[in-house]
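S.K.: The structure's right below; bear with me while I get my questions together.
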Amino acid sequence: MITSHTQLLNALIEKYGLKSYLEIGVQNPANNFDKIVVKDKIGVDPEIKECSGVSDYMTGERKSYQLFRKTSDEFFNKQWPETLPSFDLIFIDGLHHADQVKRDFENSLRCLSDNGFIVIHDVLPENEAGTIVPRETKQWWGDVWKFAFTVVDYRLHFITYDIDNGCMVIQNKPIGWNADEFVKLPTPLPEILDWNYYTNNKQRRLRITTTVEI
C-alpha cells in the first residue's frame with residue numbers, strides 16, 4: 001500500500017522505468033532524496049545539509065547523484081547551459097508559496113521528458129492556519145493549493161492522491177478532450193481564493209482520489 005510521497009515516487013520509477021530524477025526542496029537528503037531508487041538524481045535546496053558541487057556534471061562526467069545548494073530559481077536560471085537536461089520524474093517540495101510553485105512547475109516542464117511526471121507535494125492542507133503566507137505555524141503547507149487549482153490550465157493529465165498531505169501527479173501528456181470536462185469545473189476561478197472556496201471545490205479542481213493507482 002502506498003501511503004507516502006517516497007513510496008509514490010519509487011512506484012512511478014519502477015512501473016514506468018524512469019531513469020532520471022530531480023528533487024526541488026531537499027533540505028535533508030535522508031528524508032526522501034536518499035531513498036529514491038533511480039539511476040541518476042539531482043537535488044536542489046538553498047539549505048541542503050550537504051553539497052557535492054557541480055564541476056563533474058558541467059564537464060560531462062555525470063555522477064549517480066548530485067546536490068546543489070541553490071534556490072530553485074538560481075538552479076534553473078543560472079546553473080544550466082542553454083539546453084536543459086531532461087528528467088523523467090521531478091518532485092516539487094520547495095518553498096510553499098503559490099508563486100514559487102508556479103515558477104518551479106513551469107521551469108520543470110522545460111526539462112521534463114516526453115510522458116515524464118511531475119509530483120507536487122502538500123496540495124491538501126488540513127487547516128487554514130497552516131496555509132497562511134508567510135508562515136505562522138509549526139505544521140505548514142503554505143498556499144501550494146492555490147497553484148494546484150490552476151494546473152488544469154496547462155492541459156495535462158493529472159490526479160491528486162489523498163496521501164501524505166496531498167500528492168498531485170501530473171504527466172507530460174496532453175489531455176485529449178476538453179479540459180473543463182476532464183475535471184468537471186463548477187465555475188472559473190474567482191479573483192480571490194480563500195479557504196471556503198478550497199474546501200468547497202478541492203474535490204473537483206484537484207481530481208482527488210484515496211485509491212493510489214499508477
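The values are calculated or read from the model by the stated rules, or taken from the named source; none is laboratory data. Fair warning: this is a prediction, and the values are worked out from it, not measured in the lab. So basically every Cβ, Gly included, is an ideal-geometry build from the backbone, and we count neighbours across all protein chains shown. What goes into the accessible areas is simple: the full protein's heavy atoms, side chains included, and nothing from ligands, DNA or RNA. Shrake-Rupley method; radii C 1.70, N 1.55, O 1.52, S 1.80 Å.
S.K.: Could you check segment 1-32 and list, in sequence order, the residues that are over 18 Å from V123 (Cβ atoms) and either in a loop (DSSP other than H, G, I, E, B) or at pLDDT below 95 (or both)?
M.R.: M1, G17, L18, K19, V26, Q27, N28, P29, A30, N31, listed by residue number.
S.K.: Any idea which residue in segment 93-104 is surrounded by the most Cβ atoms within 10 Å (Cβ to Cβ), counting only those that are of a type outside the set (D, E) and more than 13 Å from D73 (Cβ to Cβ)?
M.R.: Looking only at segment 93-104, we keep the residues that are of a type outside the set (D, E), and these are 94-98, 100-103.
Add one more test, that the residue is more than 13 Å from D73 (Cβ to Cβ), and what stays is 96, 98.
Working: H96: 23, A98: 19.
Top of the filtered list is H96.
S.K.: With the requirement that a residue be modelled with pLDDT of 90 or more and assigned to a helix (DSSP H, G or I), what does segment 173-203 give you?
M.R.: Result: W195, N196, Y197, Y198, T199, N200, N201, K202, Q203.
S.K.: Report yes if I175 is surrounded by 10 or more Cβ atoms within 10 Å (Cβ to Cβ), more than 19 Å from V144 (Cβ to Cβ) and out of contact with any Pro (no Cβ under 7 Å at 6 or more places or on another chain), otherwise no. Before you say what the answer is, go through the steps one by one.
M.R.: Working: surrounded by 10 or more Cβ atoms within 10 Å (Cβ to Cβ): yes; more than 19 Å from V144 (Cβ to Cβ): yes; out of contact with any Pro (no Cβ under 7 Å at 6 or more places or on another chain): yes.
It is true that I175 is surrounded by 10 or more Cβ atoms within 10 Å (Cβ to Cβ), more than 19 Å from V144 (Cβ to Cβ) and out of contact with any Pro (no Cβ under 7 Å at 6 or more places or on another chain).
S.K.: So S108 clears everything in (1) open to solvent by 40 Å² or more (accessible area, probe 1.4 Å); (2) modelled with pLDDT of 95 or more; (3) of a type in the set (G, A, S) except one condition, right? Which one?
M.R.: (1)
S.K.: Could you please give the count of residues in segment 122-150 that are free of Cβ contacts under 8 Å to residues at least 24 places away in the same chain, under 23 Å from T6 (Cα atoms) and not in a loop (DSSP other than H, G, I, E, B)?
M.R.: Looking only at that region, the number is 1.
S.K.: With the requirement that a residue be open to solvent by 80 Å² or more (accessible area, probe 1.4 Å) and within 24 Å of T211 (Cα to Cα), what does segment 8-30 give you? Don't jump to the end; show me each part of the working.
M.R.: As a first pass, look at segment 8-30 and keep what is open to solvent by 80 Å² or more (accessible area, probe 1.4 Å): 14-16, 19, 27.
Once the filter is applied, which keeps residues that are open to solvent by 80 Å² or more (accessible area, probe 1.4 Å) and within 24 Å of T211 (Cα to Cα), segment 8-30 yields E14, K15, Y16.
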